[in-house]
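A short write-up of the structure that comes next.
Please treat every number below as a calculation from the coordinates, not as lab data. A quick note: this is a predicted structure, and the numbers were derived from the prediction, not measured. Don't worry about glycine lacking a Cβ; one is built from the backbone with ideal geometry, like all the others, and counts go over all protein chains shown.
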Ligand SMILES: Nc1ncnc2c1ncn2[C@@H]1O[C@H](COP(=O)(O)OP(=O)(O)OP(=O)(O)O)[C@@H](O)[C@H]1O
Ligand SMILES: [Mg+2]
């Protein structure tokens, strides 16, 4: 079987500074794969490159059987790669429902769009209850739900989530993680970037630990969760 996403020797630079220094990993259909690592490791840079927002200086990206190297960002969305960015970037003055609709901007199947809006409300009932309110009135965790719901509106083959638990209370974080597990059980393929290594590895089929632009450790979620160096560096044990 060929992987849904294959990243090979990817290198990304900001000017002269190389932020991603030749990383390789893959994501099979139906899997949750996580990238964990400390601040500045290059996780967000990797996702932004996969989305076409940054151009790599080297390496290969293959998604669903084709190279993405020269594909513009909007085309990448239409090929089925969706990105819920770090910091959410919802539109605070627009209603919750209009924010969701924006996620479907490349679709024209009206009934399908309505069905998927309903699906987002089923997944996150609070969004449905407040659909006509400005998105800026949502709490941080609820805005995270909206960002995930919006990314799902493009009917992605691969959903990339950048730090969905950032800044959330433990309860809200658990909710978000439970939703990721639910999406996985529905067959959504997910590439999850997290600083919360415990939560991410518990969910993930495979994980990669990034440090200053490189992948330094790879394994199944369970292997990494029990790895001594990971426990020391990322799970706060000594
Ligand atoms: N626009 C930019 N211009 C210059 N350097 C940048 C830019 N964005 C990121 N960097 C640098 O690239 C490196 C990787 O940053 P990146 O945001 O990818 O890390 P990250 O793993 O997502 O970190 P965090 O966990 O803090 O979100 C860092 O050293 C960062 O300072
Ligand atoms: Mg980041």
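Kindly indicate whether residue 49 is under 25 Å from residue 103 (Cβ atoms), crowded, with 22+ Cβ neighbours inside 10 Å, in contact (Cβ under 8 Å) with a residue 24 or more places away in the chain and within 16 Å of ligand 1 (Cβ to nearest atom). Full working, then the answer.
Numbers: under 25 Å from residue 103 (Cβ atoms): yes; crowded, with 22+ Cβ neighbours inside 10 Å: yes; in contact (Cβ under 8 Å) with a residue 24 or more places away in the chain: yes; within 16 Å of ligand 1 (Cβ to nearest atom): yes.
So residue 49 passes the test.
Restricted to region 138-175, and to residues that are closer than 19 Å to residue 204 by Cα and within 16 Å of ligand 2 (Cβ to nearest atom), which residue is surrounded by the fewest Cβ atoms within 10 Å (Cβ to Cβ)?
Restricting to residues being closer than 19 Å to residue 204 by Cα and within 16 Å of ligand 2 (Cβ to nearest atom), the top hit is 166.
Considering only region 83-100, I want to know if a residue exists there that is in a strand (DSSP E or B) and farther than 22 Å from residue 167 by Cβ. Before the answer, list the steps.
First, the residues of region 83-100 that are in a strand (DSSP E or B): 83-84, 95.
Then keep just the ones that are farther than 22 Å from residue 167 by Cβ; that gives 95.
The answer is yes; a qualifying residue exists.
Need the failing condition index for residue 108 against (1) over 24 Å from residue 24 (Cα atoms); (2) without any contact (Cβ under 8 Å) to a residue 40 or more places away in the chain; (3) more than 15 Å from the chain's Cα centre (by Cα); (4) part of a helix (DSSP H, G or I), just the number.
The failed condition is (4).
Within region 22-47, which residues are near ligand 2 (Cβ under 10 Å from one of its atoms), outside any loop (DSSP other than H, G, I, E, B) and over 18 Å from residue 61 (Cα atoms)?
37
Among the residues of region 52-89 satisfying the criterion of being without any contact (Cβ under 8 Å) to a residue 40 or more places away in the chain, away from ligand 1 (no atom under 16 Å from the Cβ) and in contact with a helix residue (DSSP H, G or I) (Cβ under 9 Å, 6 or more places away or on another chain), which is farthest from residue 149 (Cα to Cα)?
By that ranking, first place goes to 68.
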